[in-house]
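For reference, the structure discussed in these notes is given below.
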Amino acid sequence: MTTNEIAIIEASQFPALVSDGDSDLAEVIAENLGGDGLQPRDLDRVPIPGGGGTTWEIESLVGTESFRELEGIIIAQQTARKFWSQSLDESDETTPPDCASDEGHVGSGIFGVGSSLHPSGDCATCPMNQWGSGSDDPSSDKGPKACREGKLLYLLRPGDIIPSTLLLPPTSLNDYRDYMKALTKSRLFFHSVVTKFSLEKAESGGKRWSIVKPSLGGVLDPETAATARALGVTLKTAYNARMAELRA
């Protein structure tokens, strides 16, 4: 694909990225919320349907809205981790995890900061983040990790002022990486385009799940793309500063 073949998206679709002449949203967040900024927990999370569903369902002021495609600007992305002590074969991913990290570095939960099992909460050295920890043989260093790694996207949807988050599960990471490689080949930053997300049903061993399939929806003009990047940097900087405090 070439940028000459891609539609240019009107900045007016994303009011959060249009300055009112006095300030932009990144400045407002920094001024009003200070060092804490907006944390992932403050943002609405877009749920991925269970059972292989192919329709997005998002709560709004007027009720539940359904979409075949979800679209928005990825203003920031980071690794995220979740751990369930009970096998997901026995429970369900809608069950809250026993430990989690929205930025992939510091855990919160039974292996998190201050815990008896892993007091530092450091994800890199956590026993549940080592190869083989998710296998049936506890002495093996081969096989999957017990802690599931995903990708947390900060997604600014058309018309929204505050971004939402979309957590891509491990089963969707290959398609997402392929999309990132395609953008890279066309010299496009993820924050300079509108991305569309569809859902594809997958099934194996009697289990069904949904795979998130990203595709290009259009490109932003350079000024709007720069504002989107600045907003993403503001969110991630505040969050990383908060995580540094927890690690100290």
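The values are calculated or read from the model by the stated rules, or taken from the named source; none is laboratory data. Small disclaimer: the values here were computed from a predicted structure and weren't measured. Methodologically, a virtual Cβ is constructed for each residue, glycine included, from the backbone with ideal geometry; neighbour enumeration extends over all protein chains shown.
Figures for the structure shown
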| quantity | calculated |
| --- | --- |
| Inter-residue pairs, beta-carbon under 7 Å, first among the β-branched types (V, I, T) and in the stretch 109-135, second at pLDDT below 90 and crowded, with 16+ Cβ neighbours inside 10 Å, 6+ apart | V113/V106 |
| Which numbered condition A202 fails, given (1) in a strand (DSSP E or B); (2) over 24 Å from T234 (Cα atoms); (3) within 19 Å of the chain's Cα centre (by Cα) | (3) |
| Selected residue (only one of G150, G114 is at pLDDT below 95 and surrounded by fewer than 18 Cβ atoms within 10 Å (Cβ to Cβ)) | G114 |
| Enumeration of residues in the stretch 101-112 that are in a loop (DSSP other than H, G, I, E, B), of a type in the set (A, V, I, L, M, F, W, C) and within 22 Å of the chain's Cα centre (by Cα) | F111 |
| All positions within the stretch 21-40 that are more than 13 Å from T227 (Cα to Cα) and modelled with pLDDT under 75 | G21, D22, I29, A30, L33, G34, G35, D36, G37, L38, Q39, P40 |
| Positions within the stretch 212-221 being buried (at least 20 other Cβ atoms within 10 Å of the Cβ) and touching an Asp or Glu at 6+ places or on another chain (Cβ under 8 Å), in sequence order | V212, P214 |
| Where a residue in the stretch 222-242 is basic (K, R) and surrounded by fewer than 18 Cβ atoms within 10 Å (Cβ to Cβ) and its partner, wherever it lies, is assigned to a helix (DSSP H, G or I) and at pLDDT below 90, with Cβ under 8 Å and at least six apart | R242/G35; R242/D36 |
| Subset of the stretch 115-174 (residues that are part of a loop (DSSP other than H, G, I, E, B) and within 22 Å of G218 (Cβ to Cβ)) | R157, P158, G159, D160, I161, I162, P163 |
| Test: E65 is more than 30 Å from A230 (Cβ to Cβ) and in a strand (DSSP E or B) | no |
| Only listed residue being surrounded by 14 or more Cβ atoms within 10 Å (Cβ to Cβ), in contact with a helix residue (DSSP H, G or I) (Cβ under 9 Å, 6 or more places away or on another chain), closer than 30 Å to I6 by Cβ and of a type in the set (S, T, N, Q), chosen from S120, S186 | S186 |
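Table: residues versus (1) over 30 Å from T184 (Cα atoms); (2) of a type in the set (A, V, I, L, M, F, W, C); (3) at pLDDT below 85.
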residue	(1), (2), (3)
E5	no, no, yes
A16	no, yes, no
T54	no, no, no
T64	yes, no, no
I73	no, yes, no
T79	no, no, no
S87	yes, no, yes
P97	yes, no, no
S108	yes, no, no
